[in-house]
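Worksheet for the structure shown next.
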Ligand SMILES: [Zn+2]
């Protein structure tokens with residue numbers, strides 16, 4: 001006798017511009033196996049989809065399962081996309097991704113129902129269902145990386161917005177005449193508090209003659225990248241430039257969070273992404289201070305929890321698995 005749908009595992013995929021992460025997820029949220037590989041976006045959509053499929057098949061095998069054992073697949077993808085039709089509309093950091101029917105391509109190849117959604121929405125859904133947000137009903141997720149993405153859970157449901165473009169908290173304008181953002185506006189939260197902004201401000205400081213251990217740490221990295229680990233190390237060594245730049249980032253993240261809380265009134269704000277996770281909870285205290293100061297409703301302000309994400313790199317994968325199960329249930333109802 002075959003297993004009922006509610007007992008079957010689903011596949012979650014986190015498709016990004018640099019890496020593909022595929023995992024098999026049991027109904028209780030346990031990850032049974034994962035496979036990671038480079039995205040190689042320069043090959044175009046066909047190559048990328050092939051790499052996703054390969055990763056999925058390997059993960060299914062590594063979990064000791066057959067493709068037929070899988071109930072459904074969910075995948076996060078960057079860029080504007082239509083989760084209802086499963087089409088990626090456009091992806092700025094992956095060439096050739098214009099109107100790509102990603103859900104259909106994955107579903108047809110694997111013979112399972114497949115769904116896609118915004119990767120940050122899924123990261124937030126993952127943290128809500130299986131990570132730091134468990135037990136809460138109204139959650140804002142903010143992920144600080146190359147850019148800053150946001151997600152929103154209202155009444156226990158992912159809120160994607162009428163045009164499926166909700167929670168773009170990275171493009172909240174926090175400094176009206178500030179630096180240009182990738183979106184073309186000025187002074188977005190992303191333009192002053194993302195990893196890109198951190199790098200820009202540190203480089204500008206060094207150019208202006210400020211002392212810093214960063215050039216030395218960059219030389220030590222084989223690819224000359226400014227990693228989160230290098231930032232942690234610079235702070236540990238008392239680098240005043242890095243401390244100042246990160247202090248500014250914390251200030252603006254605090255303002256961004258206050259705006260989100262004043263607007264949505266959530267129970268919890270979850271902060272994730274490489275920079276935040278490298279520093280841990282210590283990094284959050286100055287952010288909390290600024291945020292709480294700027295709450296309009298001060299009553300019970302500290303009951304609005306501002307916490308670090310807990311699922312790390314698996315947040316979007318797990319969220320994709322949760323999302324696929326939810327979408328399938330809705331179709332079958
Ligand atoms: Zn912007």
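The values are calculated or read from the model by the stated rules, or taken from the named source; none is laboratory data. All figures in this text were calculated on a predicted structure; none of them were measured in a lab. Cβ atoms come from the backbone with ideal geometry, glycine included; neighbour counts cover every protein chain shown.
Within the range 177-190, one or more residues are at pLDDT 95 or above and within 15 Å of the chain's Cα centre (by Cα). Taking the listed residues 184, 141, 123, the one that is in contact with a strand residue (DSSP E or B) (Cβ under 6 Å, 6 or more places away or on another chain), in the same structural domain as residue 263 (by TED's automatic domain parsing) and either within 16 Å of the ligand (Cβ to nearest atom) or outside any loop (DSSP other than H, G, I, E, B) (or both) is 141, with no other qualifying. The residue of the range 188-211 that is nearest to residue 274 (Cα to Cα), among those that are within 14 Å of the ligand (Cβ to nearest atom) and not in a helix (DSSP H, G or I), is 194.
Suppose we filter the range 151-169 for residues that are within 14 Å of the ligand (Cβ to nearest atom) and without any contact (Cβ under 8 Å) to a residue 40 or more places away in the chain; how many remain? Here the count works out to 1.
Within the range 232-242, can one find any residue that is in contact with a strand residue (DSSP E or B) (Cβ under 7 Å, 6 or more places away or on another chain), over 19 Å from residue 272 (Cβ atoms) and either surrounded by 20 or more Cβ atoms within 10 Å (Cβ to Cβ) or at pLDDT below 95 (or both)? No, there is no match, as no residue in the range 232-242 is in contact with a strand residue (DSSP E or B) (Cβ under 7 Å, 6 or more places away or on another chain), over 19 Å from residue 272 (Cβ atoms) and either surrounded by 20 or more Cβ atoms within 10 Å (Cβ to Cβ) or at pLDDT below 95 (or both).
Within the range 60-110, the set of residues being touching a helix residue (DSSP H, G or I) at 6+ places or on another chain (Cβ under 8 Å) and on the phi > 0 side of the Ramachandran plot comprises 86, 96. Candidates 147, 131: the one that is at pLDDT below 95, out of contact with any strand residue (DSSP E or B) (no Cβ under 7 Å at 6 or more places or on another chain) and crowded, with 17+ Cβ neighbours inside 10 Å is 147. Using the structure shown, decide if residue 79 is within 16 Å of the chain's Cα centre (by Cα), surrounded by fewer than 22 Cβ atoms within 10 Å (Cβ to Cβ) and at pLDDT below 95. Here the answer is yes, as residue 79 does meet what is asked.
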